[in-house]
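J.: I have a structure I would like to understand better, so I am pasting it below and will then ask my questions one at a time.
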Amino acid sequence: MAVGKKDISCPPYVKGREIKAEDIKEGKVTYWEHHPDIRYSFTAGQAISRFLKGLKEGKLLATKCDHCGRIMFPPRMFCELCFRPVDEWCEVKDTGVVETFSVSYIDPDAKPLEEPVIVAVISVDGASPKMGFMHILGEVDPDDVYIGMKVKAVWKSESEREGSVTDIKYWKPLEG
Amino acid sequence: MLMEIERIKGLNFHKKQDVAIVGAGITTFKRRLNETGKELSYYAVKQALEEAGLGIEDIEMVVMGSAPDAFDGLHMKGEYLLDGSGGSDRPYMRVFVGGGTGVFAPIAGYWHVASGLADVCLVVCEEKMSSCHPHPQSAFKYIWDPILDRPLQPNLIWIFALEMRRYMHVNNIKHEDIALVSVKNKANALDHPAAQLAERITVEDVLNSEPMALPVRRLDVSPPSDGASALIMVAPHIARQLTDDPVWVAGVGWALDTTWWTNRDLYFPRYVAEAARMAYKMAHITEPRKEIDVAEPYDPFDYKELHHMEGLGLARKGEAPILTREGVTARDGDLPTCPSGGLLGVGNPIAATMGVKVAELYWQLAYRAGKRQVAKEVTRGVAQAWGDLMQVGTVVVLSNKR
Amino acid sequence: MTRVAVVGAGYSGFNSNTPDLSWKELMYEAAVRAYEDAGVDPRKDVDAFVTCAEDFWEGFAIFDEFVPDQLGAVLKPTFTVDADFLYGIANAVMIIKSGLADIAVVEAHSKASDILTFGEVIKFAFDPIWLRPIGKAHPYYFAALEKSAYMTARGYSDDVFAKVVEKNKANGRLNSDAPYAGKVTADDVLRSEAVFYPIRKLEIAQRADGAIVFVLAREEIARELTDTPIWVSGVGWWSETSNYDTMSFTAAYARKSAEMAYKMAGITNPARQIDVAEVDDRFAFKEVQHIEALKLAKSNEIPELVEGGYFGRGGDLPVNVSGGSLSVGNLLEATGGQKALEVVLQLRGEAGRRQVDAEVGVAQAWRYIPTASGAVAVFSR
Ligand SMILES: [Zn+2]
């Protein structure tokens, strides 16, 4: 039996034939395309439905758990740490602090963006510490963004709002 | 006030039987491979069987590990892959914890054997990312919350950039310290026959590479790849018949943190820490830095190796970059880390990275890693992966002493 | 050898649509009920959690991400098995027998109503090169091909399948959570449109939403937690092939997984030793195929036994007393969960108006079109 010997080097060989991008362009590869039509309609549920309704009204809503005392944002129907239903709804502020950020040069398909997007996790004032959510920063130069920066939401006009996270256009630095 | 993290109770880890690894296989990792996922799985399985000296008829059960269906463009991908991976006509199942799957599938293989339900279990991991168009990252559009995140048109790299920035900020770490990981792993990969991106680069190359989502640049990132790997796990009485020196599974652990990733402080991977605590407890390890001889932490990004070393207790918080700079994590260092070349050098076919994590650890502990064999004498090692929305930690501790 | 028991069960649903609850909230509801039933706190007592889900049923690339919170599993050992609930049970059993957990939780759910293009999703499971390009028909025709081959091989007439529909739809009328139950005669079935000939409209289970959560524990703990532990005395799972064109069309997956589970449970004569069975009936012919594969009756006797009410609620071996998927609905990966739930309720004596007398029960599920994979679990009092 060949096993048990310490002098073999693993893996002893590797299989698989590489295809280069040119091979596909030049038609050297046999392949079959399929463009599926797969669609969903996600039920938002109780907590997020109310949250989205709040956005339409220009408000950021959170929920509170009396057991651990957390004011949770984004809101949820149950506290995942205490595993019990939340106790009440409350409004939090549309200002917050940048916890971390990135300057993205690529779109969701990894294609280059013409203008980079600044994305950040913003912890929202009025919620418990570190209750952040992800959104976009605007009206600021990428070089001027820093962790700890105070920001404020820039809302779409009332008529443009549709009950989506994009009802906030972006967050901009809060002067002063 | 955050609730105290719940602790794993006083489990005694009492099992039916011990579990040994007796063979592993890996295909080449490349951006695009001509083979289908089934064919890649077949190659990996065949090689593992050859090393173990077993035939497919000896395999009792099969565990498949594979990440999103969206890559391969197949709903119920596991069912499609089952014949290529030796799953036909036997108990077969697929497990999935996102990017953590490459180290999780062997954990599932472990309990197939440890429970006594199987004496010989084949674990196969496959990923065919190139099937997804326009880019493998397109599949990641669907990992986000459909209501809260997807309208912002996020790219997967965002979360890593956000985590990397937070890690750098809290621990006061510079990008050049992180880039050293990429330099080390890509150079280590020169000795791995499966490697996709093995090369000698410098810290400057990393810092000057194309910006993706800053602070993440092109050379901070592992590439998307096609590939497969396999592992054979057996009961002690089978191992004895096959080899004089099997490698034993000493500990396993896994943990999944909250979906609300924006509610966590990203600077420390507590999901890895929890998984490691479970695995170390099972392996009776109390001081991982002293008791672990070789490590294969998950390195899809250079900062992730450091982040995970800290989660694994191989370095104190913020200390991993210092160990890297001092050469401790080099192949001839005191704690060789990613001697395989890791994902950064060998490639990142998500779940199939089992071949550079658990399989590499097995080969290192069996002294079969050839040119990649670490300089020091080794008894125990740890392999780890991570996945989902920066959420999952999966940890396996192997030992060449029972 | 460590024995494992079901010590708690909870569910939410089952409904044809759930516009008011998200999938997270469905799971939460089922989980809360299961933990109450078991008397455990998931944050303190549970060691491992298993979810059974497939990404494209959910509409996510990595559904695992969205699991821990609503199960109380945050920062705990939690994972996804891409398969039916009964595979989840098998994993929980192995995890407990491996000493990795004393108490483990299994969850599966269906939010089928969120899927707008159900046929396209099923078709996406087909081999991309061999099968997807063939025809534009709804993929249910794959089941029709199988039925055709099976009934011809066995020489069954359509009456037997029509009778199965009549029985299950009637059973479901005693189940308040069976949205598709109804008074349907075998004649109604035979007269319904042959949408996928030889499959008629009423032979197909319609989709439903719901979630099921089980709490499992090892023997010593199970006895502390409850006076009525239901033992998982056997589990089995098995895959035949992924090539649709070479499948045997006799549910070999069910036969082999049953053999595995029976062996573990020490069952040598299933037709005698099993008192109640819940088998996958998402197409009516599948129930017949599965009765045969589980060796609950000989294949040549099945038509007569079906006709004579042997598998009815008052019969010798009641099958799908819950109403089956034909009444409850197709719950996707939670299908085996609904079957296991019914068996557990029957063995506990908590099945209300549809209670039958049973000590040992079996639950079985298939992984649906286009697979030849499935799992079986044997439960005993
Ligand atoms: Zn709370």
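The values are calculated or read from the model by the stated rules, or taken from the named source; none is laboratory data. Computed from a prediction, not measured in an experiment: that's the story for all the values here. When we count neighbours, we look across all protein chains shown, and the Cβ atoms used for this are built from the backbone with ideal geometry, even at glycine.
J.: Among (1) over 30 Å from A:Gly27 (Cα atoms); (2) at pLDDT 95 or above, where does B:Lys38 come up short?
T.: All conditions pass for B:Lys38, except number (1).
J.: Just the residues that are within 8 Å of chain A (Cβ to nearest Cβ) and either more than 22 Å from the chain's Cα centre (by Cα) or assigned to a loop (DSSP other than H, G, I, E, B) (or both), please, taken from segment B:139-155.
T.: Passing the criteria: B:Lys141, B:Pro146, B:Ile147, B:Leu148, B:Asp149, B:Pro151, B:Leu152, B:Gln153, B:Pro154, B:Asn155.
J.: For C:Asp41, work out the one condition from (1) more than 23 Å from A:Phe42 (Cα to Cα); (2) part of a helix (DSSP H, G or I) it doesn't fulfil.
T.: Of the numbered conditions (1) more than 23 Å from A:Phe42 (Cα to Cα); (2) part of a helix (DSSP H, G or I), the odd one out for C:Asp41 is (2).
J.: Considering only segment A:32-42, I want to know if a residue exists there that is among the hydrophobic types (A, V, I, L, M, F, W, C), over 30 Å from A:Glu91 (Cβ atoms) and away from the ligand (no atom under 16 Å from the Cβ).
T.: Scanning segment A:32-42 turns up at least one residue that is among the hydrophobic types (A, V, I, L, M, F, W, C), over 30 Å from A:Glu91 (Cβ atoms) and away from the ligand (no atom under 16 Å from the Cβ).
J.: So C:Phe14 clears everything in (1) more than 8 Å from every other protein chain (Cβ to nearest Cβ); (2) surrounded by fewer than 24 Cβ atoms within 10 Å (Cβ to Cβ); (3) in contact with a helix residue (DSSP H, G or I) (Cβ under 8 Å, 6 or more places away or on another chain); (4) on the phi < 0 side of the Ramachandran plot except one condition, right? Which one?
T.: (2)
J.: Against the condition modelled with pLDDT of 95 or more and either part of a loop (DSSP other than H, G, I, E, B) or closer than 28 Å to A:Gly148 by Cβ (or both), how does B:Asp205 come out, does it pass?
T.: no
J.: Can you run down the residue pairs with Cβ atoms below 6 Å, 6 or more apart or on separate chains, where the first is in segment B:241-261 and within 7 Å of another protein chain (Cβ to nearest Cβ) and the partner is among the polar types (S, T, N, Q) and crowded, with 22+ Cβ neighbours inside 10 Å?
T.: Going by the 6 Å Cβ cut-off, the qualifying pairs are B:Trp254/B:Thr394; B:Leu256/B:Gln391; B:Leu256/C:Thr78; B:Asp257/B:Gln391.
J.: Of all residues in segment B:220-236, how many are buried (at least 24 other Cβ atoms within 10 Å of the Cβ) and over 16 Å from the mean Cα position of the chain (by Cα)?
T.: 4
J.: Now, a different point. Can you give me the ranges of the helices (runs of 4 or more DSSP H) entirely in segment C:81-183 with at least 3 residues that are closer than 24 Å to C:Phe249 by Cα and of a type in the set (Ser, Thr, Tyr)?
T.: Hits in segment C:81-183: C:141-154.
J.: Is one or more of the residues making up segment C:28-48 buried (at least 24 other Cβ atoms within 10 Å of the Cβ) and free of Cβ contacts under 8 Å to residues at least 60 places away in the same chain?
T.: Checking segment C:28-48: at least one residue is buried (at least 24 other Cβ atoms within 10 Å of the Cβ) and free of Cβ contacts under 8 Å to residues at least 60 places away in the same chain.
J.: Suppose we filter segment A:24-55 for residues that are within 14 Å of chain C (Cβ to nearest Cβ), part of a loop (DSSP other than H, G, I, E, B) and of a type outside the set (D, E, K, R); how many remain?
T.: Qualifying residue count, segment A:24-55: 12.
J.: Please list, ordered by residue number, the strands (runs of 3 or more DSSP E) wholly in segment C:269-381 having 2 or more residues that are farther than 18 Å from C:Asn171 by Cα.
T.: Here the list reads C:360-366, C:373-380.
J.: Is it the case, given these coordinates, that C:Tyr156 is within 22 Å of the chain's Cα centre (by Cα) and either away from chain B (no Cβ under 14 Å) or more than 22 Å from C:Ala334 (Cβ to Cβ) (or both)?
T.: no
J.: Also: May I ask you to list the residues in segment B:104-157 that are of a type in the set (Asp, Glu) and farther than 30 Å from A:Arg17 by Cα?
T.: B:Asp119, B:Asp145, B:Asp149
J.: May I pose another question? Any chance segment A:56-67 includes a residue that's under 25 Å from C:Lys44 (Cβ atoms), within 12 Å of the ligand (Cβ to nearest atom), within 14 Å of chain C (Cβ to nearest Cβ) and touching a residue at least 60 places away in the same chain (Cβ under 8 Å)?
T.: The answer is no, given that none of the residues of segment A:56-67 is under 25 Å from C:Lys44 (Cβ atoms), within 12 Å of the ligand (Cβ to nearest atom), within 14 Å of chain C (Cβ to nearest Cβ) and touching a residue at least 60 places away in the same chain (Cβ under 8 Å).
J.: Condition test on A:Pro74, is it under 25 Å from B:Ala161 (Cβ atoms), buried (at least 16 other Cβ atoms within 10 Å of the Cβ) and within 16 Å of the ligand (Cβ to nearest atom)?
T.: yes
J.: Okay, moving on. Here are some conditions: (1) more than 16 Å from the ligand (Cβ to nearest atom); (2) assigned to a strand (DSSP E or B); (3) more than 8 Å from chain B (Cβ to nearest Cβ). A:Thr100 meets all but one. Which one does it not meet?
T.: So the condition that A:Thr100 fails would be (3).
J.: If you don't mind, there's one more thing I want to ask. List every residue pair whose Cβ atoms lie under 6 Å apart, where the two residues are 6 or more positions apart in sequence or sit on different chains, the first residue falls within segment B:264-281 and is at the interface with another protein chain (Cβ under 7 Å from one of its Cβ atoms), and the second residue, located anywhere, is of a type in the set (Asp, Glu).
T.: Once the first residue is at the interface with another protein chain (Cβ under 7 Å from one of its Cβ atoms) and sits in segment B:264-281, its partners that are of a type in the set (Asp, Glu) give B:Leu266/B:Glu163; B:Tyr271/B:Asp257.
J.: Could you say whether any residue in segment B:105-122 is surrounded by fewer than 24 Cβ atoms within 10 Å (Cβ to Cβ), more than 7 Å from chain C (Cβ to nearest Cβ) and more than 24 Å from B:Ala250 (Cα to Cα)?
T.: No, there is no match, as no residue in segment B:105-122 is surrounded by fewer than 24 Cβ atoms within 10 Å (Cβ to Cβ), more than 7 Å from chain C (Cβ to nearest Cβ) and more than 24 Å from B:Ala250 (Cα to Cα).
J.: Looking at (1) within 13 Å of chain C (Cβ to nearest Cβ); (2) within 16 Å of the ligand (Cβ to nearest atom); (3) touching a Phe, Trp or Tyr at 6+ places or on another chain (Cβ under 8 Å); (4) of a type outside the set (Gly, Ala, Ser), can you tell me which one A:Leu81 breaks?
T.: Here A:Leu81 meets the rest and fails (3).
Rundown of residues vs (1) farther than 28 Å from B:Leu74 by Cβ; (2) more than 7 Å from every other protein chain (Cβ to nearest Cβ); (3) modelled with pLDDT of 95 or more; (4) assigned to a helix (DSSP H, G or I), yes/no style:
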position	(1), (2), (3), (4)
B:Leu162	yes, no, yes, yes
B:Arg166	yes, no, yes, yes
B:Val183	yes, yes, yes, yes
B:Ala195	no, yes, yes, no
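J.: Let me confirm something: among A:Val145, A:Val124, A:Val151, which residue is crowded, with 20+ Cβ neighbours inside 10 Å, out of contact with any Ser or Thr (no Cβ under 6 Å at 6 or more places or on another chain), in contact (Cβ under 8 Å) with a residue 24 or more places away in the chain and within 13 Å of chain B (Cβ to nearest Cβ)?
T.: Selected residue: A:Val124, the only one of A:Val145, A:Val124, A:Val151 that is crowded, with 20+ Cβ neighbours inside 10 Å, out of contact with any Ser or Thr (no Cβ under 6 Å at 6 or more places or on another chain), in contact (Cβ under 8 Å) with a residue 24 or more places away in the chain and within 13 Å of chain B (Cβ to nearest Cβ).
J.: While we're here: Looking at this structure, is A:Lys15 away from the ligand (no atom under 16 Å from the Cβ), modelled with pLDDT of 90 or more, of a type in the set (D, E, K, R) and over 22 Å from the mean Cα position of the chain (by Cα)?
T.: yes
J.: So how many residues does segment B:48-88 have that are under 21 Å from C:Ile89 (Cα atoms), at the interface with chain C (Cβ under 8 Å from one of its Cβ atoms) and part of a loop (DSSP other than H, G, I, E, B)?
T.: Count: 3.
J.: Could we say that C:Gly8 is farther than 11 Å from C:Ser110 by Cα and part of a strand (DSSP E or B) here?
T.: In short, yes.
J.: Give the number of residues within segment C:299-323 that are over 15 Å from C:Gln355 (Cβ atoms) and either modelled with pLDDT of 95 or more or buried (at least 20 other Cβ atoms within 10 Å of the Cβ) (or both).
T.: 14
J.: Being buried (at least 19 other Cβ atoms within 10 Å of the Cβ), touching a residue at least 24 places away in the same chain (Cβ under 8 Å), closer than 23 Å to C:Ala284 by Cα and touching a Leu at 6+ places or on another chain (Cβ under 7 Å) narrows it down to one of C:Ala125, C:Ala144, so name that one.
T.: Of C:Ala125, C:Ala144, the one residue that is buried (at least 19 other Cβ atoms within 10 Å of the Cβ), touching a residue at least 24 places away in the same chain (Cβ under 8 Å), closer than 23 Å to C:Ala284 by Cα and touching a Leu at 6+ places or on another chain (Cβ under 7 Å) is C:Ala125.
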